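Participant: My questions will all concern the structure given below.
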Amino acid sequence: MSTTLQSIIEEFSPEDQKRIQSKASLLAEEMICHADSLAEVRTALTKTQDEVARVLNVKQNAVAQLEKRSDLLLSTLRKYVEAMGGELAVTVRTGAGTVIMLDSLSSLAKPSAPQRARASGGARKPVAGSASKAKHEGTSIT
């Protein structure tokens, strides 16, 4: 029988286990902040390609190919991030240091509620507040 890291950790006191978990979480956050690829983000979140593929309803090979791409649609990236339990945030950083959060692009292509058929063929009224908006934030979301 082989020894696993989890079995070794279980031999520590509850306080030490808590400290180990805290340090692991901190290191994972640092890995995510400095990740150079989607695969590194996935690894930091302790997800496998198989797990992500199951959520996306694709084969593992498709996830591997997606992680190698350098050009993605925002909707594809959003689905990938959500499959790992995250949420996509699109920001613009200006040369002056201003950070603008683009909510309309972060939620791009999210499935909307199904539209009910109308009995009358009347024109639809525009929805109030449907114009795209940008929030100015003092800090960046990573």
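The values are calculated or read from the model by the stated rules, or taken from the named source; none is laboratory data. All of these numbers come straight from a predicted model, not from anything done at the bench. Here the Cβ positions follow ideal geometry from the backbone for every residue, glycine too, while neighbour counts run over all protein chains shown.
Participant: For the condition loosely packed, with under 12 Cβ neighbours inside 10 Å and assigned to a helix (DSSP H, G or I), what is the one hit in 20, 8?
Facilitator: Details: 20 fails: loosely packed, with under 12 Cβ neighbours inside 10 Å.
Testing whether each residue is loosely packed, with under 12 Cβ neighbours inside 10 Å and assigned to a helix (DSSP H, G or I) leaves just 8.
Participant: Within segment 64-86, which residues are assigned to a helix (DSSP H, G or I), hydrophobic (A, V, I, L, M, F, W, C) and at pLDDT 90 or above?
Facilitator: If we filter segment 64-86 for residues that are assigned to a helix (DSSP H, G or I), which is where we start, we get 64-68, 74-83.
After this cut, where a residue has to be hydrophobic (A, V, I, L, M, F, W, C) as well, the list is 64, 66, 74, 77, 81, 83.
Matches in segment 64-86: 64, 66, 77, 81, 83.
Participant: Which pairs have Cβ atoms under 7 Å, sit 6 or more apart or on different chains, and link a residue in segment 64-88 that is free of Cβ contacts under 8 Å to residues at least 40 places away in the same chain and over 19 Å from residue 54 (Cα atoms) to one that is assigned to a helix (DSSP H, G or I) and of a type outside the set (A, V, I, L, M)?
Facilitator: So the pair list comes out as 88/78; 88/106.
Participant: Looking at segment 23-69, which of its residues are surrounded by 14 or more Cβ atoms within 10 Å (Cβ to Cβ) and either more than 14 Å from residue 80 (Cα to Cα) or touching a Gly at 6+ places or on another chain (Cβ under 6 Å) (or both)?
Facilitator: The answer is 28, 31, 32, 35, 44.
Participant: Which of the residues spanning segment 87-104 are of a type outside the set (Val, Ile, Thr), part of a loop (DSSP other than H, G, I, E, B) and exposed (fewer than 14 other Cβ atoms within 10 Å of the Cβ)? Talk me through it step by step, then tell me what you get.
Facilitator: Residues of segment 87-104 of a type outside the set (Val, Ile, Thr): 87-89, 93, 95-97, 101-104.
Next cut, part of a loop (DSSP other than H, G, I, E, B) only: 87-89, 95-97.
87, 95, 96, 97, listed by residue number.
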